[in-house]
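The values are calculated or read from the model by the stated rules, or taken from the named source; none is laboratory data. What you are looking at is a predicted structure, and each value in this text was computed from that prediction instead of being measured. When we count neighbours, we look across all protein chains shown, and the Cβ atoms used for this are built from the backbone with ideal geometry, even at glycine.
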Amino acid sequence: MAYGKPGRKSKGARELLGTRPPVDLAAEARLRADELGLSINDYLLRLLAEDLGRPEYVPSPADPTRMELPIPAA
């Protein structure tokens, strides 16, 4: 059986970098990520890429034409 192109394109090899910011700072970061249309991981990646002068790693916001399916939680 032939398959199309399921899912999104791979982002390539990744490494986990962890941090535990204060609760209020984390809440502000999540709000800002939402404002930008980014996941918290992509928002943090954007901050790293911009600070280190690596624009090729700055993620783009999610495609606004794509909608989340209304699938209820089990």
Here the residues within the stretch 22-65 that are closer than 19 Å to Lys11 by Cα and of a type in the set (Lys, Arg) are Arg46, Arg54
- [ ] With the condition kept exactly as written, say whether any residue in the stretch 14-36 is under 14 Å from the mean Cα position of the chain (by Cα) and β-branched (Val, Ile, Thr).
- [x] no
Filtering the stretch 36-74 down to residues that are exposed (fewer than 10 other Cβ atoms within 10 Å of the Cβ) and of a type in the set (A, V, I, L, M, F, W, C) yields Leu52, Met67, Leu69, Ile71, Ala73, Ala74
For the stretch 27-70, the count of residues that are at pLDDT 85 or above and among the β-branched types (Val, Ile, Thr) equals 2
For the stretch 45-70, pairs from a residue that is more than 18 Å from Asp34 (Cβ to Cβ) to a residue that is at pLDDT 75 or above and small (Gly, Ala, Ser), with Cβ under 6 Å and 6 or more apart or across chains, are Tyr57/Ala49
query: Out of curiosity, is Arg20 loosely packed, with under 10 Cβ neighbours inside 10 Å, touching a helix residue (DSSP H, G or I) at 6+ places or on another chain (Cβ under 9 Å) and in a loop (DSSP other than H, G, I, E, B)?
result: yes
